[in-house]
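Each remark here refers to the structure printed beneath this line.
The values are calculated or read from the model by the stated rules, or taken from the named source; none is laboratory data. Owing to the predicted nature of the structure, the values given are computational and were not obtained by experimental measurement. No Cβ is skipped: glycine too gets one built from the backbone with ideal geometry, and neighbour counts run over all protein chains shown.
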Amino acid sequence: MNEIQIGVVGTGQIGVDHIKRITEHCRGARVTAVSSRRRAPAEAAASICGARVEDEFEALLHAPDVDAIVITSPSQFHEEQVLAAIECGKYIFCEKPLAITAEGCRKIVDAEVRAGKRLVQVGFMRRYDKGYRQLKEAIDGGTYGRPLIVHCAHRNIAPHGEFTTEMSITQTAIHEIDITRWLLDDDYVSAQVMFPTQTSNAAEGLRDPQMILLQTARGAVINLEVYVNCKFGYDIQCEVVCENGVLRMAEPSNLTIRSNAMRSVALETDWVLRFIDSYDVELNAWLDGIRRGRIEGASAWDGYVAAVTADALIRSQKSGKTEQIELDQRPLLYLS
Ligand code: NAP
């Protein structure tokens, strides 16, 4: 296949990052067109890579020099944009979430099944992080026996802009919802949220921290602390307790400083730097999938499962009870 020509929809923070990434770190691909809500940011983004600006998403989608679409618009537009791109037969990389409702995700799954081919990859970039990949390899290798418990923590310094108790699930925990299911290769059956002692760091109305419990069909239990006002850094932890060993995810290495009778290592302050390498690997993997005609990253079905799980957790936030997770039958397209 010749150079893959890409259209990018939504030129905000991650849209611009992905444009730079494709331009500087992706082999055999080029951004040829961009579109966004306002013309000026779209022009600024287009100038990074010598692309043109299309005022309308439809024009970008149908352009003959656009083979594949990267969707980095706000989450509420993903559903209609992904559906239109499937209809058009184009490959799609859609930032998470695939859609803001499980119903919307299900519509995308149905459209892809009708198309008869996987066209969509969802932006769950942790699947490409070196630490998580090492964990998965160790679990799949079987040396340590079956995974029994997964301890996770997702801590942010503070939320940007308006942030709600539900967003701790849909924007934050959503990454662990996907990654622990991928690590264990097991579906969730139940979900619960508990609210520990409230931090005084949080804005009024936001319940923080939150403790999440998920149980899988094979019985493993995942506990996840989400603390979005921890103040000290961006801190992602994952430890898998197996029958015959405990596997702790390696953290990215940083300079160790010995000074003032202390040994310290700097932490990242946000996700951009913590997962910077994963995004590069993720987009290259998507492009390789297009070349092979077989997309293998997080699928529309994975996007649907994440949304159903998030819904159950939000129900539990309100009910205070353990909520059951019921998934539709997985279509054959997603079984191989
Ligand atoms: P952002 O900075 O607000 O950027 C969104 C951009 O889309 C803005 O330039 C916005 O333009 C434009 N836009 C608005 N309506 C549009 C439409 N209908 N069609 C096309 N473009 C439109 O947001 P962001 O932080 O980049 O996030 C974008 C998406 O990526 C979100 O879904 C988010 O969840 C996801 N994300 C994923 C990760 C990850 O770790 N995988 C990280 C960050 C973000 P205006 O400024 O003119 O409104």
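Details
- Region 252-275: number of residues that are surrounded by 13 or more Cβ atoms within 10 Å (Cβ to Cβ) and of a type outside the set (Phe, Trp, Tyr): 6
- Residue under evaluation Pro159, criteria (1) out of contact with any Ser or Thr (no Cβ under 8 Å at 6 or more places or on another chain); (2) away from the ligand (no atom under 15 Å from the Cβ); (3) of a type outside the set (Gly, Ala, Ser), criterion not met: (2)
- Positions within region 85-116 being surrounded by fewer than 18 Cβ atoms within 10 Å (Cβ to Cβ), touching a residue at least 40 places away in the same chain (Cβ under 8 Å) and in contact with a Leu (Cβ under 8 Å, 6 or more places away or on another chain), in sequence order: Val113, Gly116
- Within region 127-153, restricting attention to residues that are in contact with a strand residue (DSSP E or B) (Cβ under 8 Å, 6 or more places away or on another chain) and of a type in the set (Phe, Trp, Tyr), the residue that is surrounded by the most Cβ atoms within 10 Å (Cβ to Cβ) is Tyr132.
- Boolean, His175 is assigned to a helix (DSSP H, G or I), out of contact with any Gly (no Cβ under 8 Å at 6 or more places or on another chain) and not aliphatic (A, V, I, L, M): yes
- Only residues that are of a type outside the set (A, V, I, L, M) and crowded, with 20+ Cβ neighbours inside 10 Å were counted in region 154-170, giving 6.
- Residue that is surrounded by the fewest Cβ atoms within 10 Å (Cβ to Cβ) [pool: residues in region 1-18 that are part of a helix (DSSP H, G or I) and near the ligand (Cβ under 6 Å from one of its atoms)]: Gln13
- Pairs with Cβ under 9 Å, 6+ apart, first in region 27-46 and under 20 Å from Tyr279 (Cβ atoms) and within 12 Å of the ligand (Cβ to nearest atom), second among the acidic types (Asp, Glu) and at pLDDT 95 or above: Val34/Glu43; Val34/Glu54
- Filter result (of a type outside the set (D, E, K, R) and in contact with a Cys (Cβ under 9 Å, 6 or more places away or on another chain)) within region 174-217: Ile179, Thr180, Leu183, Thr199, Asn201, Pro209, Ile212
- Considering residues of region 47-75 that are in a loop (DSSP other than H, G, I, E, B) and within 8 Å of the ligand (Cβ to nearest atom) only, the residue nearest to Ile92 (Cα to Cα): Thr72
- Matching residues, region 76-97, being aliphatic (A, V, I, L, M) and either under 20 Å from Val53 (Cα atoms) or more than 14 Å from the ligand (Cβ to nearest atom) (or both): Val82, Ala84, Ala85, Ile86, Ile92
- Tallying residues that are under 17 Å from Asp235 (Cα atoms) and part of a strand (DSSP E or B) within region 179-212 yields 3.
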